[in-house]
Structure formats: structure tokens, C-alpha cells
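S.K.: My structure is below; once you've seen it, I'll send some questions.
The values are calculated or read from the model by the stated rules, or taken from the named source; none is laboratory data. Note that the structure is a prediction, hence the values are computed from the model and not measured. Cβ: placed from backbone, ideal geometry, glycine included. Neighbour counts: every protein chain shown.
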Amino acid sequence: MKQTLSIFCLCLLMACTSKPKQSEKDGFQQKEKFEESWESLQNYEIPQWMKDAKFGIFIHWGPNSVAELHTDWYPRWMYSDKGHINIQTGEIKAGEPHVAYLYHKEKFGDQKEFGYKDLIPMWTMENFNPEEWVSLFKEAGAQYVIPVAEHHDGYALYESSYTRWNSTRIGPNYDVFKALADEIKKQGLIFGASSHLAFNYNYYNQQDYFDTGDPQYADLYAPPHEIGDSVSQEWLADVWWPRTKEIIDKYDPDILWFDFYLDRPEFVPYHKKLAAYYYNSGIERNKDVVLQTKNFNFESYPEGTHMFDLERSKSDKIRKEYWQTDTSIGKNSWYYSKNWIPKSAQELVADLVDIVSKNGCLLLNIGPKKDGTIPEDQKKTLLDIGKWLKVNGESIYGATHWEVFGEGPTKTNTGHLAEIKDKSYTEQDFRFTKNGDNLYAIALVPPTNDIEIKYLNTSNINIKSIALLGYDGKIEFEQSAGKLSIKLPSDAELDYSWVFKIKI
């Protein structure tokens, strides 16, 4: 009896310890808590739900939207009276006032009397309807949504215990972030948060002849210091870290995205601390979470400890680790502006395909107006992408890269803000994805002639049949040792990238 009981106890112990505890929700596996060490953080894995999602919506909205021109860094540029840097091209214009400085002075008044702090109450958002917004995102085929929680301006779109400059106290008197978070979760999408606060310390031009030099507004414009100074440890400990923790603790984001400046040396003491704290917060609520950073100038997070993000850029190859492109529908802006230059749905669908073929996902930004409406042209673009995904989603959602990402003459530029260098795709550009037993060969540009794909020759693959998603007719093809030839169907009426489903 004693021996039988011992064997029973041993079997019970093995059953409890031989594999992680599996939660019913989202495939979560209970883990040991992470420690603040790279050795421990190397045990992090990007969850499968993130790898399957592929397409998300980014939302840049807030007091930045009030000016309606030059809005990306308007709070910075409106004080740039003696030179500035073009963030798209890197061009330095020494001694020249930024057009936003002149625009503000003419439209709103002198920056000493009417500064950025005075624009905040003008963010009225009277037509904001979170239910309509999220319904639009779902119709667009998005699987996750990341609203900006706070930008470089230092203004929190959430109820903050650490700054009076938040949306519940100054401006709309409303927890904008919570309203979006609740609706995103209610409609079954994945909820994320972005923090851009790290750059706030060196964002504003602090001068006595501007309100930025007034000590009573140091809690918005940062403590007085010379621009370019290293971020003080006091500000990190008393401002940045508590506010970052507050977003995690109060709103439970499944994705936490950080803008550049987090990778500066001053933030090194917080890199492991942040990752461990956030990942452990996920464990406490039985959820695998995702930390996304840029690693722009400084290798702040080793590979395998987070998810890498490229701003306005794509990879030129298949990356081993799952990654993300964040970009905007606006070629020249993240926040709404009257001179917004839009990208077409055709461009964005092709970019999405290219990214997925290289083991990535796309986070696409919209810029709502100050009153809370999403411009009609941005709505149309999202809906057009959604229509394409309804037909072709099996080649995207849950898909993986293949042995090669594709072929064609158009090369992808990579690196920070590199998309400005990219050339348009041609009819000879193809990308491959795989989902289950199916291979997808995707023509990035709608073909006008018979198709030839060199890599899909008999030496590399044996094709059984080909179908064209969204088309009911038969697809005629011929495979040789040198290429795959597909006869162009004369009656196919399809928008954007064409997806050929291949049975092997």
C-alpha cells in the first residue's frame, strides 16, 4: 500500500511539472515569472495570436490635431524659430524658422502668450464615436488596434495620477484611451497602447521668450535644461517610469509599443526592468503580451527578448524573428493635416503582402480630425483593404513565409524612414506565403499579360493545381524546368494584388 501510494504521488508530481499549465484563453501557458536579466528574458516568445494577426490599426490623435497643418511634430516645430531638422529627409535647415512657427504665430498668436498648452483645450472631439471607429477597423480586416496613449508632447490621453496634463482634467474631460480600449476589447479585437513619452524630455525648445521657458509649465514642457542634454535620472524615475507603469496597470494592453528615444543610453537601467514588469503583468492575468520597440540607435533589446518594429520601412529579407512595420496612410503625416498626402489601397495591400512574405505584420496609422471624425478618404482606403482581405485573407491571416519571400526587380529599402526611397512595384514582382498545405503566389500589381514566375519551376516545386482567389474560372498553367507560366484569364475583375492558390 505504501509503495502504491508513493508511485501515485510520483505520477501526480510528474503530471503537475512535466508541462506548463495551459489556460483556456488564447492558448496562454503559465510560466515562471521573468527576472530583470537578459538570460531570463531570452525565454520570452512572441505569442501565436500576434503571429497570426498580420494587420493592425495605429491611431495618432490628440491636441496635435488642432493645428491641422504641420502636425506630426507641431508642438516642437511651433517653437523652432532658429533652425530645424526635416525628419523625413534628415536635412538640417540651420537658422530658418519652421513653417509651423510662422503658421502658429499668425493663426494663434505669439508663442509666449499662446503656446501649445493653450491648444489643448481646443481639442474638442465632439463627434468622437468609439463604437463607429472600431466597427470600421473590423470592416477593414484589422486584428489589433494600438491607440497612442501619450505622445512626445507630454499630454496623456488617459486618466493619469502623475500629470495634470491629461484628457480627464484639461481638454475634453474624458478618458479617451479607456473609451477606445473598452470598445476594442468589446468588439473582440486585440488592444494595444503606444508610448512616445521618452522624447518629451528633449522635445520642446525651452526659451525665456516662449511659454516653454516658464517654470510653472515644466510638468508639460519638461524641467528646464539645455536641449540635447541627457535625460535626467530624476525625470526617468519620477515621470517616465511611473506613467509607463500606470498604462500597464490600469489598462492591461496586450501590446505595448514604444517610440524611439527608449533606446538611448539613459534608459538602459529600465530596459530589462520594463520587459520583466510588463511580461509578468501578462502572466498575472493569464495573457501572453507583446513588447514592441525600434532599437533605433542603440541595441536596447537583444533579439529574442521583444518584437522588433520598423518605422516607415520594411525588411529586405525574411527575418528569423517575427517583426512589424508601422507606417501611416498619410505619406507625409501621422496626425490629421489639411495637406495630408494619402497612400492608395493598392500600395498598402502590396506592402502588406510584401511584409507578410518576410515574416512580418503591418501596423497602419490613421489620423482623425480634432472633432473625432475619421476623414472620408481614410475610411475608403480602410474599407478597400477590408474588401481585399475578405477575398484573400487566407493568404495573410495565420500565414507564414515560405522558403523564399518572392522574386522580381523591385528592391525594398530598409532602415529608419526608408520607405521614401522605395520605388513602385511592377507586374514582375511576386511574393509567396504559406498557410497549411497551400502555397500562395501573389502578384503585387494586377497583371495585364500572361504571368511568368521563375522560382516556381519543376526543379523547386511540383504543382498539382492553381486557383485564383475571387475568380471562379479555371486557371491554365504550364510548368517547366525554367519557370511557371500562368495564362491570364480574360474575365477576371479583381482589385489590387492577385492571389494564386497553389496545391502542391
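S.K.: Find the residue count for region 200-241, including only residues that are assigned to a helix (DSSP H, G or I), surrounded by 15 or more Cβ atoms within 10 Å (Cβ to Cβ) and in contact (Cβ under 8 Å) with a residue 12 or more places away in the chain.
M.R.: The total comes to 13.
S.K.: Can residue 182 be described as in contact with a Gly (Cβ under 9 Å, 6 or more places away or on another chain), assigned by TED's automatic domain parsing to the domain that holds residue 138, part of a helix (DSSP H, G or I) and not hydroxyl-bearing (Ser, Thr, Tyr)? Before you say what the answer is, go through the steps one by one.
M.R.: Numbers: in contact with a Gly (Cβ under 9 Å, 6 or more places away or on another chain): no; assigned by TED's automatic domain parsing to the domain that holds residue 138: yes; part of a helix (DSSP H, G or I): yes; not hydroxyl-bearing (Ser, Thr, Tyr): yes.
Taking the combined requirement at face value, the residue does not satisfy it.
S.K.: Now, a different point. In region 1-92, which helices (runs of 4 or more DSSP H) lie fully inside it and hold 1 or more residues that are at pLDDT 95 or above and either farther than 30 Å from residue 116 by Cβ or touching a Cys at 6+ places or on another chain (Cβ under 9 Å) (or both)?
M.R.: Of the helices (runs of 4 or more DSSP H) lying wholly inside region 1-92, those with at least 1 residues that are at pLDDT 95 or above and either farther than 30 Å from residue 116 by Cβ or touching a Cys at 6+ places or on another chain (Cβ under 9 Å) (or both) span 38-41, 48-53.
S.K.: For region 34-77, name all the residues that are over 23 Å from the mean Cα position of the chain (by Cα), surrounded by 18 or more Cβ atoms within 10 Å (Cβ to Cβ) and not assigned by TED's automatic domain parsing to the domain that holds residue 254.
M.R.: 34
S.K.: Against the condition assigned to a strand (DSSP E or B), buried (at least 22 other Cβ atoms within 10 Å of the Cβ), outside the structural domain of residue 430 (by TED's automatic domain parsing) and in contact with a Leu (Cβ under 8 Å, 6 or more places away or on another chain), how does residue 244 come out, does it pass?
M.R.: No.
S.K.: Only one of (1) under 26 Å from the mean Cα position of the chain (by Cα); (2) of a type outside the set (Phe, Trp, Tyr); (3) farther than 23 Å from residue 307 by Cβ fails for residue 122. Which number is that?
M.R.: (1)
S.K.: Output the residues belonging to region 53-86 that are aromatic (Phe, Trp, Tyr) and more than 24 Å from residue 105 (Cβ to Cβ).
M.R.: From region 53-86, those aromatic (Phe, Trp, Tyr) are 55, 58, 61, 73-74, 77, 79; that's our starting set.
Hits for region 53-86 are 55, 58, 61.
S.K.: Six or more apart or on different chains, Cβ under 7 Å: which pairs go from a residue in region 443-459 that's more than 24 Å from residue 403 (Cα to Cα) to one that's part of a strand (DSSP E or B) and among the aliphatic types (A, V, I, L, M)? Could you list them?
M.R.: Filtered contacts from region 443-459: 450/486.
To keep it simple, each residue is scored yes or no on (1) in contact (Cβ under 8 Å) with a residue 40 or more places away in the chain; (2) not in a helix (DSSP H, G or I).
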residue: 303; (1), (2): no, yes
residue: 318; (1), (2): yes, yes
residue: 321; (1), (2): yes, yes
residue: 336; (1), (2): yes, yes
residue: 372; (1), (2): yes, yes
residue: 380; (1), (2): no, no
residue: 394; (1), (2): yes, no
